[in-house]
Amino acid sequence: MNKILDVQNLHVSFDTHAGEVKAVRGVDFHLEKGETLAIVGESGSGKSVTTKALMRLIPNPPGRIKEGQILFEGRDLARLSEKDMEKVRGKEISMIFQDPMTSLNPTMTVGKQVMEPLIKHQKMSKDAARKRAIELLTLVGLPNPEQRIKQYPHQFSGGQRQRVVIAIALACNPKILIADEPTTALDVTIQAQILELMKDLQKKIDTGIIFITHDLGVVANVADRVAVMYGGQIVETGTVDEIFYDPRHPYTWGLLSSMPSLDIDEGMALQAIPGTPPDLLNPPKGDAFALRSEFALQIDFEQEPPVYQVSDTHFVKSWLLHPQAPAIEPPVNVQQNLRPMPGNFKEPVLVKEVR
């Protein structure tokens, strides 16, 4: 596989009257061509800010990319001019937002909105763009596209509007598709249809997908790899199997413990992570999750943990993987799902010191 996106040491801050909010703090991740990377975490963990930074959609002021690189096919998107970035947005990198009703212009027909990127980026004539728009609406499973193309967003259901948004995002066959919680505003049945649609379309156009969600059930169905985000940092990255069956960070344990499951024993209570996410106006010293973790060590309150490598694809930012750390077992309801992972190192290897 080929690495199409490489994010290195990304820092994003917002300057407010109260001070600097450090929303994203030293994030590193990459995306391979044709794969789906899910970024998961609670609200406020920095998921959406990270992906909007990739698209350079952070309003400035008050927001700014303070440090880091966003390497896309050899170009650093963080350093591109706005004029050059306009050529990337919608053409090479597209985004599906959470609420389709606010993503669509209520004063324009659906057809015109699908045609717009085709005319702007592909330089198509109106007739050619209209024909392609009908093909796209057919591709995303919208019935009677020749008629629906003349209608306005309010004449569509929520699931149909999201299909239109996906058609717009796919209009120019982007190399990367960012989906920011695209099914949150939809009911469960429509969610399943949209997720199945995205998987099917990915196979057809071989695009890489960054999927933002807080729903681990969705992750299990769509992702190849998972990045767990907390307090503006990525605390664990691995394949879907590694995150679900061999999690190593206490925060990942907490997310898995709070996920409803049919396998939970009768009488076993669903767990919740105590406390609230940290105030990134004044980020905590050490491990940001320490104050909420029953497994926190003394060093977690004093020094930020480095990144340890568990396997070729599994990386964890936790002092629990230090050779001198005590052996700590995950919660019981997480242990039920654990299984030996092939290819794991016997001992985690330190790969990134904190500067």
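The values are calculated or read from the model by the stated rules, or taken from the named source; none is laboratory data. This is a predicted model, so every value here is computed, not measured. Reconstructed Cβ throughout: ideal geometry from the backbone, glycine too, with neighbour counts over all protein chains shown. Surface areas here come from the heavy atoms of the whole protein model, side chains and all, with no ligands, DNA or RNA. Shrake-Rupley method; radii C 1.70, N 1.55, O 1.52, S 1.80 Å.
Would you mind checking the radius of gyration and Dmax of the range 125-256 based on alpha-carbon positions, in Å?
17.2, 56
Can you figure out the FRET efficiency of Leu338 with Arg64, using R₀ = 45 Å and their beta-carbon distance, to the nearest 0.05?
0.60
Within the chain, what's the longest run with no GluC sites (Glu not before Pro) in a DSSP loop and at most 15 other beta-carbon atoms within 10 Å? Give the range, please.
74-265
Give the calculated FRET efficiency between Asp312 and Thr184 to the nearest 0.05, with a Förster radius of 35 Å applied to their Cβ-Cβ distance.
The formula returns an efficiency of 0.60 here.
Assuming 1.002 mPa s and 20 °C, estimate D for the range 57-207 with Stokes-Einstein, Rh taken as the Kirkwood radius over Cα pairs, in µm²/s.
The estimated diffusion coefficient comes to 131 µm²/s.
If I model a spin label as a point 7 Å beyond the Cα along the Cα-Cβ vector, how far apart are those points for Asn173 and Ala128 in nm?
1.3 nm
Note down the Stokes-Einstein diffusion coefficient of the chain in µm²/s, whole number, using a Kirkwood radius over alpha carbon pairs, 4 °C, and 1.567 mPa s.
D, rounded to a whole number, is 60 µm²/s.
Please state the shape class of the range 165-221: rounded when a/c is under 1.5, otherwise prolate if a/b exceeds b/c and oblate if not, all from the C-alpha gyration tensor.
Here the range 165-221 falls in the prolate category.
Past 19 Å, Cα to Cα: identify those pairs from Lys52/Lys87; Lys175/Lys204; Lys47/Lys203; Lys91/Lys175; Lys175/Lys317; Lys33/Lys83, in the order given.
Over 19 Å Cα-Cα: Lys47/Lys203; Lys175/Lys317; Lys33/Lys83.
Rounded to the nearest 5, what is the percent of antiparallel bridges among the DSSP beta bridges in the range 176-301?
55 percent
Once Lys and Arg get +1 and Asp and Glu get -1 on their Cβ, which of Phe301, Met198, Pro284 lies farthest toward the positive end of the dipole of the chain?
Of the listed residues, the answer is Met198.
Need the C-alpha centroid separation for the range 34-98 versus the range 189-268, integer Å.
Cα centroid to Cα centroid, the span is 21 Å.
How long is the gain from Lys120 to Lys150 if the chain were fully straight, where each residue apart is worth 0.36 nm and the alpha carbon distance is subtracted?
Value of the extension gain: 8.8 nm.
How long are the three semi-axes of the equivalent ellipsoid for the range 12-107, computed from the Cα gyration tensor as the root of 5 times each eigenvalue, in whole Å, largest first?
Working from the Cα gyration tensor, I get semi-axes of 21, 18, 16 Å.
R0 = 35 Å: FRET efficiency of Met101 with Lys285, Cβ-based, nearest 0.05?
Result of the calculation: an efficiency of 0.25.
Which of the aspartates and glutamates could be linked to Lys112 by a straight reach, that is with a Cα gap under 15 Å, when you skip same-chain ones fewer than 8 residues away?
Candidates past the 8-residue exclusion: Asp127, Glu135, Glu146.
Ignoring ligands, DNA and RNA, please state the percent of accessible area on the range 164-227 from carbon and sulfur, probe 1.4 Å.
Heavy-atom surface of the range 164-227 belonging to carbon and sulfur, 1.4 Å probe: 49 percent.
Quick one: putting +1 on the C-beta of Lys and Arg, -1 on the C-beta of Asp and Glu, what dipole do you get for the chain around its Cα centre, in Debye to the nearest 20?
The dipole magnitude comes to about 1900 debye.
Can you show me the helix-derived [θ] at 222 nm for the chain, built from DSSP H runs with n ≥ 4 at -39,500 (n - 2.57) apiece and divided by the number of residues, rounded to the nearest 500.
Using -39500 (n - 2.57) per qualifying helix, the result is -8500 deg cm²/dmol.
Extending each Cα 7 Å along its Cβ direction at Asn221 and Thr276, get the distance between those two points in nm, one decimal.
3.2 nm
Stretch Glu196-His214 to full length: gain in nm at 0.36 nm per residue minus the Cα-Cα span?
4.7 nm
How far is it, in nm, from the label point at Ser81 to the one at Glu302 when both lie 7 Å from their Cα along the line to the Cβ?
5.2 nm
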